[in-house]
Amino acid sequence: MSFIVEVVGVRKVYGRLEALKGITLRVREGEIYGLVGPNGAGKTTLLRIVAGLVKPTSGTVRVAGLDPYVNFSETRRIIGYLPEEAGTYDFLTGYEHFYFYSKLYGLEKESIEYGIELSGLGERLRDYTRSYSKGMKRRLLLALVLMRKPRLALLDEPTAGLDVHASLNVRRVIKKYVEETRASVIVSSHNMLEIEYLCDRVGLIFNGRIVAEGTVGELLEKYSAENLEEVFEKATSGYV
């Protein structure tokens with residue numbers, strides 16, 4: 001079995017705060033892996049470590065066999081990262097965003113066309129993004145990250161703050177991308193329902209630890225719960 005991401009025993013300490021407490025997880029080629037937990041659980045820290053933006057205090061991380069902190073240039077060609085706090089440029093149209101980022105990444109016309117099609121924004125790409133809804137901005141940002149077809153996409157809370165319809169559109173973009181490219185995705189969220197609809201496997205993270213892992217079906221069966229909210233409550237009971 002081939003893994004695109006291997007994280008083994010990763011700890012991250014900020015002064016007196018231990019943000020990650022020995023995280024171990026593996027993500028397979030071509031799967032959507034959901035990282036689920038409350039705010040402050042360590043999701044963003046873990047994604048930044050996998051992206052090579054933050055160095056772990058201890059433990060090992062490999063992306064396609066490479067250390068993303070040591071081999072940053074090589075892994076950046078493999079990884080696409082969308083932070084939760086990412087935003088658009090209000091003075092640019094949607095189209096201008098694609099052309100700006102294509103120059104930044106050194107991409108060809110085909111990549112721009114793919115991103116435009118993936119976004120599903122149609123004629124609204126002619127408008128300045130200051131007129132976009134939050135959901136439209138998120139779809140644009142997601143397409144900008146994915147238009148260069150990274151083997152691994154790291155998406156931090158891509159549906160945070162979106163309504164049901166906007167969240168559905170974002171999930172469609174992610175699923176369409178994986179189906180077309182067979183790339184891998186790690187998506188973080190505190191919304192259990194989103195993960196249930198989207199992901200092949202799920203890791204529940206709480207207080208810097210992975211407290212349960214498996215497919216949605218496996219977790220439901222193991223904890224005999226009706227939904228993932230109950231699964232999370234049962235899996236994290238006893239952790240401090």
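Read-outs: derived from the displayed coordinates by stated rules, not from any lab. What you see is a predicted model, and the numbers here were worked out from it, not measured in a lab. Here Cβ is always computed from backbone atoms with ideal geometry, including for glycine, and neighbour counts include all displayed protein chains.
Counting only DSSP beta bridges with both residues in the chain, the antiparallel share comes to about 55 percent. Summing Lys and Arg as +1 and Asp and Glu as -1 over all other residues whose Cβ lies under 14 Å from the Cβ of P56 gives a net charge of +3. For K176, the aspartates and glutamates whose Cα falls under 13 Å of its own Cα, not counting residues fewer than eight places away in the same chain, are E31, E117.
For the chain, a Gaussian network of Cα nodes joined below 10 Å ranks A143, A86, A183 by mean-square fluctuation, and the top entry is A86. How many nm is it between the label spots at Y89 and R11, if each spot is 7 Å from the Cα in line with the beta carbon? Output for this residue pair reads 4.3 nm. A straight chain from E179 to E108 at 0.36 nm per residue would run longer than the Cα-Cα distance by 23.4 nm. Using C-alpha pairs below 8 Å separated by at least 6 residues, the relative contact order for the chain is 26 percent. Kirkwood radius for the chain, taken over all pairs of different Cα atoms as the inverse mean of 1/r, rounds to 18.4 Å.
Taking 7 Å steps out from each Cα toward its Cβ at R26 and S2 produces label points 1.5 nm apart.
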